[in-house]
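Asks: Following this message is one structure expressed as structure tokens.
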Amino acid sequence: MSLIDILKKHKNDISAMFEFDLNSNLTVLSDCSANNSDLNALNLTDVEAYSEYANQFLKENKAIAGVGGYLEERIIYQGRAMFEEEQEPRNIHLGIDVSAAAGTVLMVPLNACIHSFADNNQFGDYGPTIILEHKLEGLVFYTLYGHLNRNSLNDKKVGQVIQKGEQFAALGNSEENGNWPPHLHFQLIKDMGNKKGDFPGVCRKSELEHYKNLCPDPNLILKIDKLCKGT
């Protein structure tokens, strides 16, 4: 049975990751593609201006969280050197982002142990990152949590067991999360290979099919109705 099939089968066993309901009217779909004319007008490397835009977007929509981004072709990586590779830029997003206030706490959706963690501390990167290892019906898979606060890494140990529903991290501010507006990058990964504390969250167009298979839709765990309906 595939990972997708197993997660669908265990849908009701997956716990909420946030204290608020991602399916309430307090969440709104976000758009980080070229279709968003507001982003086209911004200097996206100006962290303060981008963060102000993100905050205003939530206020205007009377929301506490913006959600979206899986396999979205994005413009927000323009001007960030780690994505603008000479051969081909990386601009396809492999996770789901949940934009919310810095300090928002996260809970483990399934029983897990810590695979690895790191502070990927460069401009545009994940900042503090935790990768959890899960096992369902004998199948091992991983979830990645990026853009956390640095306190999230305190007292963490590789192999540490974390129970479903347990608080284990919180979102960071732009000074510690890789210089982004506060948000969670959440990604589902079938095989970590030899990577620890980090994993590509954005790929080139030419790599899409490979990464689409390696990183299935994380909404299988988040279960955000708006993303299923596209409305």
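Every number here is computed from the coordinates shown, using simple stated rules; none is lab data. Remember, predicted model here, so these are calculated numbers, not experimental data. For neighbour counting, all protein chains shown are included, and Cβ atoms are generated from backbone atoms with ideal geometry for every residue, glycine included.
Asks: Any residue at all in region 199-209 that is without any contact (Cβ under 8 Å) to a residue 40 or more places away in the chain, surrounded by 21 or more Cβ atoms within 10 Å (Cβ to Cβ) and touching a Leu at 6+ places or on another chain (Cβ under 8 Å)?
Replies: No - not one qualifying residue is present in region 199-209.
Asks: Something else about it: Pull out all pairs, ordered by first then second residue, where Cβ-Cβ is under 9 Å, the residues are six or more apart or on different chains, the first lies in region 1-20 and is free of Cβ contacts under 8 Å to residues at least 24 places away in the same chain, and the second is assigned to a helix (DSSP H, G or I) and acidic (Asp, Glu).
Replies: none
Asks: Another question about this same structure. Can you find, within region 78-110, the residue that is surrounded by the most Cβ atoms within 10 Å (Cβ to Cβ) among those that are of a type in the set (Gly, Ala, Ser) and free of Cβ contacts under 8 Å to residues at least 60 places away in the same chain?
Replies: Filtering region 78-110 for residues that are of a type in the set (Gly, Ala, Ser) and free of Cβ contacts under 8 Å to residues at least 60 places away in the same chain, the one surrounded by the most Cβ atoms within 10 Å (Cβ to Cβ) comes out as Gly79.
Asks: Could you say which residue among Gly103, Gly66 is within 17 Å of the chain's Cα centre (by Cα), part of a strand (DSSP E or B) and farther than 21 Å from Tyr211 by Cβ?
Replies: From the options Gly103, Gly66, the qualifying one is Gly66.
Asks: Could you grab me the full set of residues in region 9-39 that are loosely packed, with under 12 Cβ neighbours inside 10 Å, outside any loop (DSSP other than H, G, I, E, B) and either among the hydrophobic types (A, V, I, L, M, F, W, C) or more than 20 Å from the chain's Cα centre (by Cα) (or both)?
Replies: Asn12, Ser37, Asp38 - these are the residues of region 9-39 that are loosely packed, with under 12 Cβ neighbours inside 10 Å, outside any loop (DSSP other than H, G, I, E, B) and either among the hydrophobic types (A, V, I, L, M, F, W, C) or more than 20 Å from the chain's Cα centre (by Cα) (or both).
Asks: Something else now. Those residues that are farther than 16 Å from Pro182 by Cβ, crowded, with 20+ Cβ neighbours inside 10 Å and out of contact with any helix residue (DSSP H, G or I) (no Cβ under 8 Å at 6 or more places or on another chain), I need them from region 121-150; list them, please.
Replies: If the condition is that a residue be farther than 16 Å from Pro182 by Cβ, crowded, with 20+ Cβ neighbours inside 10 Å and out of contact with any helix residue (DSSP H, G or I) (no Cβ under 8 Å at 6 or more places or on another chain), then Ile131, Leu132, His134, Tyr142, Leu144 are the ones that fit.
Asks: To continue, here is another question. Looking at Ser174, is it farther than 30 Å from Glu52 by Cα, of a type outside the set (A, V, I, L, M) and out of contact with any strand residue (DSSP E or B) (no Cβ under 7 Å at 6 or more places or on another chain)?
Replies: No; evaluated as a whole, the condition is false for this residue.
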